[in-house]
Amino acid sequence: MVNGGSLAFGLRCLSCGETYPLDPNLFVGCTACMTEQFQAPLDVTYFYPDSAEGLLPDSPLPGLARYAPLLPPLSEDLSLGEGGTPLVPAPELASWAGLGSELYIKDESRNPTWSHKDRFAYLTISGALEAKAKAVVAGSTGNHGAATAAYAARAGLPCIVLSPLDCPPAVQSFVMAYGAAQLRLSTRAARTIIGEGAHNGRWYPASTFTPTPTGPPYGTEAYKTIAYEIWLQLERRVPTAVFVPTGYAELLYGVWKGFREMRDLELTESAPLMVACEPAALAPLREALAAGVSTATVPPQPTAAYAIAVRVNGYRGIVSIQESNGFSVAVTDEEIEEAQTQLARAGIWAEASAAASLAGLRNATAEDFESEGPVVCISTSSGFKDLGLGDSLAPEAEGTWDGVEEALMRSYGIVL
Ligand SMILES: [Zn+2]
């Protein structure tokens, strides 16, 4: 069943403003202003009503269909209960990060496949069904592939996932468990092949394949619901800043657009500044912002935050930072690892990439970032997707009381 309550009516280029019909097949971005080096993403536009009364629900429960008027057309039957993730108060993490105000972690690991990508996949697969796709394809390191595979399974669509050669084994088992056909190959080749199949109508691309990221036009809209939920969860307060792990900046932009929309609809009086947290090894958005250009490319570098390791920035990131008066912050692997440990000690086991937001907050306060109001760090996914997971085993103990006592002391310094 396609939801008839959507107020979406078209697509618009984020860079030049050219308008297009609302069509899920427009996945290569704007053709009016494209150059060999740059393609701008298309953004969904809506017939906003004069009054925002009743547009948003009263509570942030799971199920994105509750936000249907402010999303592209979606298939209600596909929902797996995505969204409605907890906003966890984290006073001990605020102290650790040097923040003098309230801190909350938006824990996106509580989604159906344990990452924020479920929101994106729900809308993208709805678009694939609208486009009468025969199959869907995702180029993915993990989270995106798993989410696409789960929602494609739900839709009864064959799903192909093209992953890098070093995709973690745990993630491979996870993706294939949903019945997806996963192949490992070079990332560059995958991108070209995804484009080839998309242009030939063989499959619907759930991933971007253009030289600068554009992607399927509906998915990013799903991240607006994170902003709506945060506002509802803060009892209708707006955070002063939102820290976001950033690769192509779809999440950063979606969350920004949600807050911007609520301000434009006069539900709120302000909007947060958006902070892009990129791995220091690959921070193309930071580079593009510093150079005052739309797109920057950086050389390949390894990082533990593989899920947000990208060589080219997304234009959505530029728009989010500029419109919100935000900024970008780079975080090293060591800083990410420290933040990941702190999150786990606070009860949240986050993927390395997901911990980039808390690491970014700590770096920002060490510079000159201060806040009087609430700050939110988005934690995008759970720790079981990390590289190298499962390589270490817990110490073995002799099966006696003395043996356990001795092993606890020897391995962990615990004296009972
Ligand atoms: Zn354009």
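The values are calculated or read from the model by the stated rules, or taken from the named source; none is laboratory data. Everything numeric here is computed off the predicted structure, so don't read it as measured data. All Cβ positions, glycine included, derive from the backbone under ideal geometry; neighbour counts span all protein chains shown.
Within the set of pairs 6+ apart or on separate chains, which have a first residue in the stretch 214-228 that is on the phi > 0 side of the Ramachandran plot, a second that is of a type in the set (S, T, Y) and assigned to a loop (DSSP other than H, G, I, E, B), and C-beta atoms under 7 Å apart?
Final answer for the pair search is G215/S207; G215/T208.
Assuming A97 fulfils every condition listed in (1) away from the ligand (no atom under 16 Å from the Cβ); (2) closer than 21 Å to G254 by Cα apart from one, which condition is it?
If we test A97 against (1) away from the ligand (no atom under 16 Å from the Cβ); (2) closer than 21 Å to G254 by Cα, just (2) comes out false.
In contact with a strand residue (DSSP E or B) (Cβ under 7 Å, 6 or more places away or on another chain), modelled with pLDDT of 95 or more and on the phi > 0 side of the Ramachandran plot: does that describe G17?
So G17 fails the test.
So, in the stretch 13-29, of the ones that are in a strand (DSSP E or B) and buried (at least 16 other Cβ atoms within 10 Å of the Cβ), which residue ends up nearest to the ligand (Cβ to nearest atom)?
C13
If you go through the stretch 260-305 one residue at a time, how many are among the small types (G, A, S), without any contact (Cβ under 8 Å) to a residue 40 or more places away in the chain and surrounded by fewer than 21 Cβ atoms within 10 Å (Cβ to Cβ)?
Residues in the stretch 260-305 being among the small types (G, A, S), without any contact (Cβ under 8 Å) to a residue 40 or more places away in the chain and surrounded by fewer than 21 Cβ atoms within 10 Å (Cβ to Cβ): 5 in total.
Take residues that are under 26 Å from N363 (Cα atoms) and more than 13 Å from the chain's Cα centre (by Cα) and tell me which of the helices (runs of 4 or more DSSP H) falling wholly in the stretch 176-267 contain 2 or more.
Answer list for the stretch 176-267: 224-233, 250-264.
Looking at the stretch 30-53, which of its residues are away from the ligand (no atom under 16 Å from the Cβ), more than 14 Å from M262 (Cβ to Cβ) and of a type outside the set (F, W, Y)?
D50
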